[in-house]
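Written out below as structure tokens is the structure these notes cover.
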Amino acid sequence: MTKADLVEAVYTKLDGFSKKESAELVESVFEMMKETLGRGDKIKISGFGNFVVRDKKARIGRNPQTGEEITISARRVLTFKPSQVLKNVLNV
Amino acid sequence: MTKSQLIEAIVAARGYPRKAVEVAVNSIFDGMVEALQRDDRIEIRGFGNFTVRRYKEYVGRNPKTGDKVHVPEKLMPFFKVGKELRERINDGEAYAGDDSDDDDE
């Protein structure tokens, strides 16, 4: 499934919206989610899951090929925690 | 931010009718749940990919009592963040990690 399939789903459900407008609508949803997560805010979608931005401290890693020690810089990462509902749906 | 706050934020930023944004947001997440249900992977360029991963059965333990419990095989959704979103979250700082396996962009 790609964004095009989601555009199609939105288009069939919305009267009076063209394909192009439906595409812009879908685009705006993902853009708003990216903006929100980019600020470090979390997003909770009931029935789907939570997107949470976490701060990771710097740590020492190792190049697995050479064994050389390297410092992995402090960074922010995104984690997705699926909702219990979604987990249940996959295991019926 | 909850789903209804996400809808409000899009209405405020773009001026679309609230009803249309509601329908869009709901059909996006409903559509993604249905896709995962039929074991279809979801690729949203710039955002990330969702896939279904199969975990083998194992013998776990109840951490309180120490009793052995059998955990059956299960399917779990897995999200891999896309390059654009990862960089926006991390403010474009340098990565020590290897990005060569990134199939998102």
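Please treat every number below as a calculation from the coordinates, not as lab data. Computed from a predicted model, the values in this text were never measured in an experiment. A quick note on method: Cβ atoms are made from the backbone with ideal geometry, for glycine too, and the neighbour counts reach across all protein chains shown.
One chain, two ends: B:E34 and B:T51. Fully extended at 0.36 nm per residue, the span grows by 4.9 nm beyond their Cα-Cα distance.
Karplus-derived 3J(HN,Hα) values for the range A:73-82, using 6.51 cos²θ - 1.76 cosθ + 1.60 with θ = phi - 60°, are 5, 4, 7, 9, 10, 9, 10, 10, 10, x Hz; glycine and proline are entered as x. Taking only the C-alpha atoms of the range B:41-94, the Rg (one decimal) and the largest Cα-Cα distance, Dmax (whole number), read 17.4, 47 Å.
When shorter helices are ignored and each DSSP H run of at least 4 residues is given -39500 (n - 2.57), the per-residue value for chain B at 222 nm works out to -12000 deg cm²/dmol.
Other residues lying with their Cβ under 12 Å from the Cβ of B:E57 contribute a combined charge of +2, Lys and Arg counting +1, Asp and Glu -1.
Normalised by 2.2 N^0.38 Å, with N the number of residues, the alpha-carbon radius of gyration of chain B equals 1.47. Helical content alone sets the calculated 222 nm signal of chain A at -13000 deg cm²/dmol, taking -39,500 (n - 2.57) per DSSP H segment of four or more residues and averaging over every residue. Once Rg and the Kirkwood radius are both taken over the C-alpha atoms of chain A, their ratio Rg/Rh works out to 1.15.
Once the Cα atoms of helix B:3-14 and of chain B are each reduced to a long axis, what angle between those two axes, in degrees from 0 to 90 to the nearest 10, is obtained? The answer is roughly 30 degrees.
For chain A, the longest principal axis of the Cα atoms and the long axis of helix A:19-38 meet at an angle of about 30 degrees.
Here B:T2 and B:E87 are evaluated by their C-beta separation; at R0 = 25 Å the FRET efficiency comes out at 0.45. Relative to its Kirkwood radius, the Cα radius of gyration of the protein assembly as shown gives an Rg/Rh of 1.02.
For the range B:41-94, relative contact order (Cα pairs under 8 Å, six or more residues apart, normalised by length) works out to 38 percent. Using alpha carbons only, how many degrees (0 to 90, rounded to 10) separate the axis of helix A:3-13 from the longest principal axis of chain A? Result, in degrees: 30. Working from Cα pairs under 8 Å separated by at least six residues, relative contact order for chain A is 20 percent.
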